[in-house]
There are 2 protein chains.
Amino acid sequence: MTTALSTHRAQRRSSSWSTNEQVHQKRYQIMTWVIDKRLAFVAFCVLAVNVAMNARAADDPLPSWNEGATKSAVIDFVTRVTDEDSADFVPVAERVATFDNDGTLWAEKPLYFQLLFALDRVKTLAPQHPEWKTQEPFASVLKGDMKGLAAAGEKGAVEILAATHSGMSTADFEQIVTDWLATARHPTTKRPFTEMVYQPMLELLAYLRANGFKTFIVSGGGIEFMRPWTERVYGIPPEQVVGSSIKTKFEMRDGRPVLMRLPAIDFVDDKAGKPVGINSHIGRRPVMAFGNSDGDLQMLQWTTAGEGPRFGLLVHHTDAKREWAYDRDSHIGRLDQALDEAPQHGWVVVDMARDWNQVFAEVVDE
Amino acid sequence: MTTALSTHRAQRRSSSWSTNEQVHQKRYQIMTWVIDKRLAFVAFCVLAVNVAMNARAADDPLPSWNEGATKSAVIDFVTRVTDEDSADFVPVAERVATFDNDGTLWAEKPLYFQLLFALDRVKTLAPQHPEWKTQEPFASVLKGDMKGLAAAGEKGAVEILAATHSGMSTADFEQIVTDWLATARHPTTKRPFTEMVYQPMLELLAYLRANGFKTFIVSGGGIEFMRPWTERVYGIPPEQVVGSSIKTKFEMRDGRPVLMRLPAIDFVDDKAGKPVGINSHIGRRPVMAFGNSDGDLQMLQWTTAGEGPRFGLLVHHTDAKREWAYDRDSHIGRLDQALDEAPQHGWVVVDMARDWNQVFAEVVDE
């Protein structure tokens with residue numbers, strides 16, 4: 001299951017279908033002109049480039065986005081900043097786009113998926129911790145008592161994170177995450193979590209990259225929880241993932257160097273932490289920023305306060321049928337102040353029910 | 001003065017000179033074959049690609065490196081990992097090369113250049129701090145008393161760093177660094193600091209990038225001291241610079257968001273901190289790592305302990321005539337344990353006097 005790849009393939013397929021006939025005609029014409037093998041090869045290459053360029057112009061880069069003000073705002077902005085003759089032209093090196101992950105690129109209900117991972121890990125590790133049967137917050141987790149878990153509050157959450165996210169090497173943690181994602185299923189949709197990514201956002205990522213943007217994740221989620229799969233699923237390499245982290249320590253174990261994960265928070269990449277994380281990891285102010293909650297408020301403020309053309313967008317979860325509908329009252333992904341501030345900053349607000357004709361990525365078995 | 005650019009230009013110039021005659025012959029032949037304008041254009045493009053490929057094979061990518069075991073080791077390794085038919089082939093996405101900065105990409109004598117910057121800043125700021133006339137370590141700095149400064153030790157250094165590197169926004173600090181570099185001169189060579197970069201290393205950076213490597217700086221120096229100029233001088237963009245940092249804080253000032261630099265150390269990217277910084281910022285183990293001191297020991301250990309082909313290199317400062325000669329006894333850039341460990345790990349040691357026919361980059365006025 002490689003959703004980014006499948007999207008890419010689907011786009012490629014549709015491009016070649018739409019212009020197949022012209023391709024054959026044109027190729028025939030040119031082939032009759034030249035005999036020399038190299039020139040024939042050259043001509044074929046150029047033809048392929050032409051076809052691709054025509055296809056790109058004719059094709060819709062964002063087919064899962066309904067026509068309307070939201071989609072137009074995105075396309076107009078990208079067109080403007082990539083047009084060398086425009087006053088708003090932005091050089092390729094400065095084309096940085098940052099994306100929140102939970103609720104922006106993939107779903108976040110009923111709980112952040114990384115929390116579901118942590119709860120699963122508590123169950124997996126329980127046989128090695130008989131004391132957890134009576135010790136909170138672990139006892140509540142093992143009994144499936146979500147109220148008891150909630151009562152343990154932030155202190156409980158930190159204890160669960162420490163027990164499940166630290167004490168191993170970075171390499172071992174990467175393997176644990178990879179193994180979990182391969183088998184775990186979402187509690188209500190029963191789909192693998194990496195299939196709960198938004199098709200319109202995959203198209204947007206591909207569209208921005210095709211226009212010279214470097215796409216980054218800037219998430220409150222764990223940086224090392226995301227990196228094992230973001231390249232495969234989103235086409236975003238590990239060095240372009242910014243997230244929360246715990247401290248790590250370089251050590252020699254059996255004569256070989258390892259990085260051990262310590263039970264201590266290093267950095268929280270959320271709210272006012274997001275501009276700090278962006279500055280630390282990217283060192284440039286983004287030109288475009290995409291979020292879905294008040295956790296993204298400062299990232300959008302920071303981004304759109306920059307000089308020159310800037311773009312902010314909030315994904316508003318309005319689709320109870322195909323996904324979930326929530327904003328101000330929600331505990332997770334709460335969208336309140338950012339929604340209020342959107343008009344004054346000119347941030348675009350996606351109405352998921354209205355603006356997206358497809359929500360989750362299509363599944364293509366590999 | 002844009003040294004990376006000048007290197008690039010010089011290489012381009014020599015490529016076109018060397019194959020000029022063949023180009024004209026070949027172009028003439030092909031031009032007589034075809035009349036159609038598009039095909040003529042196509043043919044010209046392909047020809048240009050051919051010329052570029054021939055030129056690359058014929059040209060020396062590392063002209064400032066003398067022929068010998070060191071240069072061969074670099075070229076052999078790069079050839080191996082970029083050859084799809086080799087057992088040591090490394091996919092482009094994994095081609096990460098990390099470079100220390102001080103003493104590896106630019107000089108570091110008589111003091112790290114960032115310390116010279118800090119001392120200059122103390123002098124610049126002194127009129128606003130009359131108390132510094134009698135208060136150590138500032139009094140020693142203002143009197144030019146390096147012994148007194150040394151006596152203030154690490155505590156003194158931290159005080160100077162806090163006074164000169166914090167209390168302003170990230171944007172203001174970037175401007176301060178940029179302004180300083182534009183006018184400051186090295187105390188003995190009298191050259192701008194950005195001209196005290198090593199020509200052989202500029203060639204190496206360009207060579208690795210031409211072979212699909214992503215080049216990163218991983219330095220004990222300040223991340224925000226380097227980012228304002230690394231793209232111009234080394235061709236390394238800010239998001240590929242890893243370094244030491246102080247804490248920053250997101251704040252609203254006059255209704256606009258700023259990141260303020262706080263007088264508190266956030267991360268020391270040196271020694272055992274380098275693999276931690278690499279993991280945090282890059283999230284992949286490098287395939288190649290380049291350093292010059294014991295501060296780079298753990299980065300080289302971490303890099304070359306990885307599975308598959310790995311490459312470690314130490315720049316040994318042996319050239320008292322053209323640069324400086326120092327290793328084990330040196331305070332700055334001390335190369336001791338790493339030199340001892342080099343043979344057992346197969347790290348290549350550059351003997352600057354023997355292996356480089358040119359040390360500093362040529363200066364081309366723009």
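Please enumerate the residues belonging to the stretch A:324-336 that are open to solvent by less than 30 Å² (accessible area, probe 1.4 Å) and not aromatic (F, W, Y).
A:S330, A:I332, A:G333, A:L335 - these are the residues of the stretch A:324-336 that are open to solvent by less than 30 Å² (accessible area, probe 1.4 Å) and not aromatic (F, W, Y).
Select, from B:F225, B:F213, B:F250, the only residue that is free of Cβ contacts under 8 Å to residues at least 24 places away in the same chain, in contact with a strand residue (DSSP E or B) (Cβ under 8 Å, 6 or more places away or on another chain) and among the aromatic types (F, W, Y).
B:F250
Could you please let me know if A:D83 is open to solvent by 30 Å² or more (accessible area, probe 1.4 Å), touching a residue at least 12 places away in the same chain (Cβ under 8 Å) and of a type in the set (D, E, K, R)?
Judged against the criteria, A:D83 is not a match.
Restricting attention to the stretch A:278-323, which residues are small (G, A, S), more than 10 Å from chain B (Cβ to nearest Cβ) and open to solvent by less than 20 Å² (accessible area, probe 1.4 Å)?
Passing the criteria: A:A289, A:G291, A:S293, A:G295, A:G312.
Regarding the stretch A:267-275, can at least one residue be identified that is modelled with pLDDT under 95, open to solvent by 10 Å² or more (accessible area, probe 1.4 Å), at positive phi and outside any helix (DSSP H, G or I)?
The answer is no; no qualifying residue exists.
Out of the stretch B:212-242, which residues are more than 10 Å from chain A (Cβ to nearest Cβ), open to solvent by less than 20 Å² (accessible area, probe 1.4 Å) and of a type outside the set (F, W, Y)?
B:T215, B:I217, B:V218, B:S219, B:G221, B:G222, B:V233, B:I236
Out of all the residues in the stretch A:337-347, is one or more on the phi > 0 side of the Ramachandran plot and surrounded by fewer than 18 Cβ atoms within 10 Å (Cβ to Cβ)?
Yes, the stretch A:337-347 contains at least one residue that is on the phi > 0 side of the Ramachandran plot and surrounded by fewer than 18 Cβ atoms within 10 Å (Cβ to Cβ).
Would you mention how many residues in the stretch A:167-191 are aliphatic (A, V, I, L, M), farther than 17 Å from A:Y112 by Cα and either open to solvent by 40 Å² or more (accessible area, probe 1.4 Å) or part of a helix (DSSP H, G or I) (or both)?
3
Looking at A:Q358, A:Q344, A:Q298 in this structure, which one is closer than 30 Å to B:D254 by Cβ, out of contact with any strand residue (DSSP E or B) (no Cβ under 8 Å at 6 or more places or on another chain) and of a type in the set (S, T, N, Q)?
A:Q344
Are any of the residues in the stretch A:246-269 of a type in the set (F, W, Y) and either under 15 Å from the mean Cα position of the chain (by Cα) or more than 9 Å from chain B (Cβ to nearest Cβ) (or both)?
Within the stretch A:246-269, none of the residues are of a type in the set (F, W, Y) and either under 15 Å from the mean Cα position of the chain (by Cα) or more than 9 Å from chain B (Cβ to nearest Cβ) (or both).
For B:T194, which of the numbered conditions (1) open to solvent by 30 Å² or more (accessible area, probe 1.4 Å); (2) part of a helix (DSSP H, G or I); (3) among the polar types (S, T, N, Q) fails to hold?
Only one criterion in (1) open to solvent by 30 Å² or more (accessible area, probe 1.4 Å); (2) part of a helix (DSSP H, G or I); (3) among the polar types (S, T, N, Q) is unmet by B:T194, namely (1).
Looking at A:T164, A:T124 in this structure, which one is open to solvent by 30 Å² or more (accessible area, probe 1.4 Å) and hydroxyl-bearing (S, T, Y)?
Selected residue: A:T124, the only one of A:T164, A:T124 that is open to solvent by 30 Å² or more (accessible area, probe 1.4 Å) and hydroxyl-bearing (S, T, Y).
Can you tell me which residue among A:K214, A:K274 is among the basic types (K, R) and out of contact with any Lys or Arg (no Cβ under 7 Å at 6 or more places or on another chain)?
Checking each option against the conditions leaves just A:K274.
Collect the residues in the stretch A:167-180 that are closer than 18 Å to A:P257 by Cβ and either away from every other protein chain (no Cβ under 13 Å) or aliphatic (A, V, I, L, M) (or both), keeping them in residue-number order.
Passing the criteria: A:G167, A:M168, A:A171, A:D172, A:Q175.
The values are calculated or read from the model by the stated rules, or taken from the named source; none is laboratory data. Keep in mind it's a predicted model, so treat the numbers as computed, not measured. Here the Cβ is made from the backbone with ideal geometry for all residues, glycine too, and neighbour counts use every protein chain on show. Heads up: the accessible areas ignore ligands, DNA and RNA and are worked out on the full protein's heavy atoms, side chains in. Shrake-Rupley method; radii C 1.70, N 1.55, O 1.52, S 1.80 Å.
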